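In what follows, a single structure is set out as structure tokens and then discussed.
The values are calculated or read from the model by the stated rules, or taken from the named source; none is laboratory data. Being a predicted model, the structure only gives us computed values, none of them experimental. Glycine gets a Cβ as well: all are built from the backbone with ideal geometry, and neighbour counts include every protein chain shown.
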Amino acid sequence: MAPRNLSRRFVGPIALMFSILFLYWPMLSAAEIAVFEPLEPISGSLVIHGGGSLSDSVLEGFVKLAGGAEARIVVIPTAIEKDDAIEEAKEIAPFIKRGAAGAVMLHTRSRGKADEAAFCECLKTATGVWFGGGQQSNLEKVYVGTRVETALHELLKRGGVIGGTSAGAAAMSRVMIRSGNPKAEVGRGFGFLPGVVIDQHFIKRDRAERLKTVLSDHAGLAGLGIDEGTALIVRGRQMGVLGDSTVSVCFAASVNRPLRVENLKHGEMYDLVALRRAAIARAGTAFPPNVLPSPEVDGKGTLVIDGGGLPAEALLRFIKAAGGADALIAVIPTAQGDDPPAQPGEARLLRKAGATNLKIIHARNPAEANAAQLLAVLKEAKGIWFCGGRQWRLVDSFLDTPAEKLMHDVLARGGAIGGSSAGATIQAEYLVRGNPLGNREMMFEGYERGMGFLKGVAIDQHFTQRNRFADMTLLKQAFPQLVGLGIDENAALIVTGHVMEVVGTTNVNVYDRTGPAAPGQADYEVIKPGEKYDFKTRQRLEAARP
């Protein structure tokens, strides 16, 4: 299922969004719940503690995220079973002790009370909210779907922090484990951390099987098993571990993939968007498909795929294929970061090569990719150039959007798409080196789909210079149906129809064997400058020129 691009820009007031989710919850499948919110970083911060003793570092970190000496904390102890065990002075003391400007307690057993504006007034000025331990079902019964929940999400939206331990941790996911082990009773939490199920006391109370079962029943969600004495700190898309034990990142087995568990220790990081993409990918159809067509460019379009270094001939051929010097060319620097240069270096090189009609378009997320002004440029463009950087940024902004559809339309009407480095890799159907936390992993679940301008291939760049031969061999062993293209620096492919031509001064390495290479024989074929390769016949063609 394709993710719904329900960006905050289009959803309307945040209260409306959560009331809609609450109303239609019984009608949504688990996979739909997983992608109800956009695949974007969260607003604000979360401190999710697995239970047991709270360390100074966790409490101090929470207060610091809430504003330090200016922090205004609201403590919600409602998960506790008995009211006579709740003392405001005791509940707020840990935060006052650690320098917060002020702290108050918010507590009721009445759902009606929790829906009163006056009751929620203290949350409007709070910079941090802390949920104590107990029974998470108490939080569900009293607060989920009320004004309190709306106010909590608004606190995150304005950059505040929400923390909690034990029951207060479990309630942070929308699909919430209420009780039971190994068979779990599932309820509805706050959904502060979208796309996940949170389990606490994870190792201490042997809850791995319970979380595994819940994930099996809720395709499209990832699991976070947080042990006692350990916290997961989430800011934006970064998730970091703080504490003595581990956080287990869990993905259920699917028809395509086995059960996967990664145990993160103190100081280790994970990426929230990558976690959500991986879980959603498992809930979908197998990728890449077992049977792929021969690589071919749609329509009469042309691809220029550069391995880094940008040979002059590649730029000239791109401009010509786009319609000449005056043709409208959209330059996309998104791979370079959220705030790329106003005039990217590759745009300057295109101008130097003769292009006179360039427009720089950039999107940090799908909402910006769907902006009318950006779409208008793509509708008129004769060529598109993707700058180098990190290819996962292009996935996050453009994949499965109307903008991506318009990019394919450029090829269909005979235009050109080009790119260098990351801008080369993104053109393939299978994306390599997509991990947002580093580019060493060839295959990274959740970031395996490229734009697919050239179907049936995987493209790696800087190939010989960074000694990436073994990586492509591993990819071919995992997915023999793919054609691997390892492009050297100062080499580029010009692809029309089902034929590619190499230009520049170095080579392209084609991994297109259907079986293993003989001992001592390379598992790839080297295509040199001036030579061509036919993807349909799987044969090298004669050199186009001396």
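Considering the conditions (1) farther than 14 Å from residue 261 by Cα; (2) over 21 Å from the mean Cα position of the chain (by Cα); (3) buried (at least 24 other Cβ atoms within 10 Å of the Cβ), residue 173 is excluded by exactly one of them, (2). Being touching a helix residue (DSSP H, G or I) at 6+ places or on another chain (Cβ under 6 Å) and farther than 19 Å from residue 523 by Cβ holds for only one residue in 445, 441, 429, and it is 445.
Checked against (1) at positive phi; (2) in contact with a helix residue (DSSP H, G or I) (Cβ under 7 Å, 6 or more places away or on another chain), residue 511 passes all but a single condition, namely (1). In segment 514-526, of all residues being out of contact with any helix residue (DSSP H, G or I) (no Cβ under 8 Å at 6 or more places or on another chain) and in contact (Cβ under 8 Å) with a residue 12 or more places away in the chain, the one that is farthest from residue 460 (Cα to Cα) corresponds to 514. Answer with yes or no whether residue 419 is at pLDDT 95 or above, surrounded by 22 or more Cβ atoms within 10 Å (Cβ to Cβ) and not in a helix (DSSP H, G or I). Yes, satisfied.
Please work out which residue is nearest to residue 42 (Cα to Cα), limiting yourself to segment 238-253 and to residues that are surrounded by 19 or more Cβ atoms within 10 Å (Cβ to Cβ) and out of contact with any Phe, Trp or Tyr (no Cβ under 7 Å at 6 or more places or on another chain).
So, considering only residues that are surrounded by 19 or more Cβ atoms within 10 Å (Cβ to Cβ) and out of contact with any Phe, Trp or Tyr (no Cβ under 7 Å at 6 or more places or on another chain), the one nearest to residue 42 (Cα to Cα) is 241.
Here's the yes/no breakdown for (1) small (Gly, Ala, Ser); (2) touching a residue at least 60 places away in the same chain (Cβ under 8 Å); (3) buried (at least 21 other Cβ atoms within 10 Å of the Cβ); (4) closer than 20 Å to residue 338 by Cβ:
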| position | (1), (2), (3), (4) |
| --- | --- |
| 370 | no, yes, no, yes |
| 373 | no, no, no, yes |
| 380 | no, no, no, no |
| 388 | yes, yes, yes, yes |
| 391 | no, no, yes, yes |
| 394 | no, yes, yes, yes |
| 397 | yes, yes, yes, yes |
| 409 | no, no, no, no |
